[in-house]
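Structure first, commentary second.
The values are calculated or read from the model by the stated rules, or taken from the named source; none is laboratory data. Bear in mind the structure is a predicted one, so any value in this text is a computation, not a measurement. In this analysis, Cβ positions are derived from the backbone assuming ideal geometry, glycine residues included, and neighbour counts consider all displayed protein chains.
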Amino acid sequence: MNKFFEHIFKTNTLSQEVGFDLGTNKISVYLKNQGIVLNESSVVAVNNKTDQIVAIGREASAMIGKTPQHITATKPLVNGVISDFEVAEKMINYLLQKIKENNKAGKFWFVRRAIVGVPSNCTEVEKKAVEDIFHNAGVKEVYLIEKSLAIAIGSGLLLKEPKGHLIVDIGGGITEVAVISLGGVVVSQNIRIAGDKLNEDIIRYIRDNFKLAIGDQTAEKIKITIGSAVATHASGDASYLIVQGRDLTKGLPKEIKITEKEVREAMAESLDTIVQTIKNTIETAPPELIPDIMNHGILLTGGSSLLKGMDKLIESSTGLEVNIADDPINTVVRGEGIILENFDGMKAYLLSTITTN
Ligand SMILES: Nc1ncnc2c1ncn2[C@@H]1O[C@H](COP(=O)(O)OP(=O)(O)OP(=O)(O)O)[C@@H](O)[C@H]1O
Ligand SMILES: [Mg+2]
């Protein structure tokens with residue numbers, strides 16, 4: 001038998017199965033039998049004159065705030081759900097194509113099955129939008145899963161037991177807090193305050209206090225290099241950064257020095273709202289699950305869990321132990337991957353089963 005067909009025959013790679021985490025900031029894809037094959041920024045640059053996509057992912061991300069007027073760099077996902085259907089559809093097609101190009105089986109395979117993560121309280125219309133996009137891209141079976149459940153599976157929590165786990169996912173667009181027990185989400189809350197909002201806070205603080213205009217990428221750099229949720233030095237002032245931007249009064253380039261303490265002050269209100277949401281979710285959890293939550297503590301995940309001292313802040317304000325997940329930006333997609341690899345035994349965790357012909 002021809003080697004190519006032999007490979008296809010043995011591995012059944014002609015039809016593929018994928019897991020998608022459609023994050024506000026990044027999209028990750030798991031390919032069955034292969035693992036995580038893509039981690040791409042979820043930014044799309046569109047030419048407004050022609051309506052065509054100019055760039056997707058990292059390339060588009062680098063354009064944010066630097067494009068000519070007729071090109072807009074947008075995120076088709078806002079707050080964990082699809083906000084621009086048309087652009088999101090083009091983006092998914094582009095990403096599937098990209099995965100195919102890099103795949104051993106070449107361009108001949110198609111995606112038979114996809115598992116896609118959604119926030120716990122997303123509406124039927126929002127779920128339908130996700131399903132439609134994948135069906136339109138030619139995927140036959142589209143399954144949705146609550147992201148918190150995928151995180152729990154991806155982090156190896158024992159889900160079948162009647163034990164409660166508290167999961168906190170602080171991503172780019174949303175913070176989702178969920179209590180999970182017996183393989184399902186018991187209570188959950190999410191707020192539109194996460195990493196993106198922290199960047200906005202920094203931009204506003206620098207505008208108000210230094211009369212300096214900076215862009216999102218500069219704010220991101222400030223947050224990652226000197227941002228912290230609790231003081232990391234006794235003085236709180238040990239780290240600082242020189243930041244360049246536009247002087248709002250003179251309109252000319254200007255440089256300022258911003259300290260770790262000031263950055264923390266800029267983000268304080270948002271961080272407090274995140275902590276309050278965690279507390280509120282615990283308050284709504286059934287009393288029988290409280291001892292489990294106290295014993296297991298909090299599983300913290302999402303890119304913003306990497307903000308310095310985020311775990312310490314949550315620990316000190318809730319009194320619960322906080323563990324940051326391994327590889328926190330990939331927990332959702334890893335959970336989806338585990339389901340794909342053990343589909344028959346684990347499909348009960350999925351939300352819906354819609355098949356097209
Ligand atoms: N070292 C770090 N310190 C602080 N924040 C960080 C760090 N690394 C990443 N982030 C933040 O993590 C966020 C992205 O997290 P993540 O990849 O989990 O988001 P997402 O899944 O795309 O979004 P969402 O789940 O909200 O839709 C960004 O706001 C980014 O600034
Ligand atoms: Mg996420």
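For this structure, a couple of remarks:
- Residue match in region 190-209 (condition: farther than 17 Å from Ser304 by Cβ and assigned to a loop (DSSP other than H, G, I, E, B)): no
Rundown of residues vs (1) free of Cβ contacts under 8 Å to residues at least 40 places away in the same chain; (2) among the hydroxyl-bearing types (Ser, Thr, Tyr), yes/no style:
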{"position": "Leu252", "(1), (2)": "yes, no"}
{"position": "Val263", "(1), (2)": "no, no"}
{"position": "Asp272", "(1), (2)": "yes, no"}
{"position": "Thr277", "(1), (2)": "no, yes"}
{"position": "Thr281", "(1), (2)": "no, yes"}
{"position": "Thr284", "(1), (2)": "no, yes"}
{"position": "Pro287", "(1), (2)": "yes, no"}
{"position": "His296", "(1), (2)": "no, no"}
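- Residue in region 157-170 that is at pLDDT below 95, in a strand (DSSP E or B), of a type outside the set (Gly, Ala, Ser) and surrounded by fewer than 20 Cβ atoms within 10 Å (Cβ to Cβ) present: no
- Qualifying positions in region 323-346 - closer than 18 Å to Leu38 by Cβ, within 16 Å of ligand 1 (Cβ to nearest atom) and among the charged types (D, E, K, R): Asp327, Arg334, Glu336
- Filter pass, Tyr240 being surrounded by 15 or more Cβ atoms within 10 Å (Cβ to Cβ), hydroxyl-bearing (Ser, Thr, Tyr), under 30 Å from Thr74 (Cβ atoms) and in contact with a helix residue (DSSP H, G or I) (Cβ under 7 Å, 6 or more places away or on another chain): no
- Of everything listed in (1) in contact (Cβ under 8 Å) with a residue 24 or more places away in the chain; (2) assigned to a strand (DSSP E or B); (3) away from ligand 2 (no atom under 16 Å from the Cβ), the single unmet condition for Tyr94 is (2).
- When Leu313, Leu289 are checked against the criterion of being more than 16 Å from ligand 1 (Cβ to nearest atom) and not β-branched (Val, Ile, Thr), a single residue qualifies: Leu289.
- Apart from one condition, Asp216 fits all of (1) crowded, with 20+ Cβ neighbours inside 10 Å; (2) near ligand 1 (Cβ under 10 Å from one of its atoms); the exception is (1).
- Flag set for Ser304, criterion: buried (at least 18 other Cβ atoms within 10 Å of the Cβ) and of a type in the set (Gly, Ala, Ser).
- Test: residue in region 331-341 that is polar (S, T, N, Q) and either within 16 Å of ligand 2 (Cβ to nearest atom) or not in a helix (DSSP H, G or I) (or both): yes
- Gly117 being within 16 Å of ligand 1 (Cβ to nearest atom), on the phi > 0 side of the Ramachandran plot and touching a strand residue (DSSP E or B) at 6+ places or on another chain (Cβ under 9 Å): no
- Identification of strands (runs of 3 or more DSSP E) wholly contained in region 10-71 with 3 or more residues that are without any contact (Cβ under 8 Å) to a residue 40 or more places away in the chain and out of contact with any Gly (no Cβ under 7 Å at 6 or more places or on another chain) yields 52-56.
- Any hit, region 62-81, residues being surrounded by 16 or more Cβ atoms within 10 Å (Cβ to Cβ), under 17 Å from the mean Cα position of the chain (by Cα), away from ligand 2 (no atom under 16 Å from the Cβ) and polar (S, T, N, Q): yes
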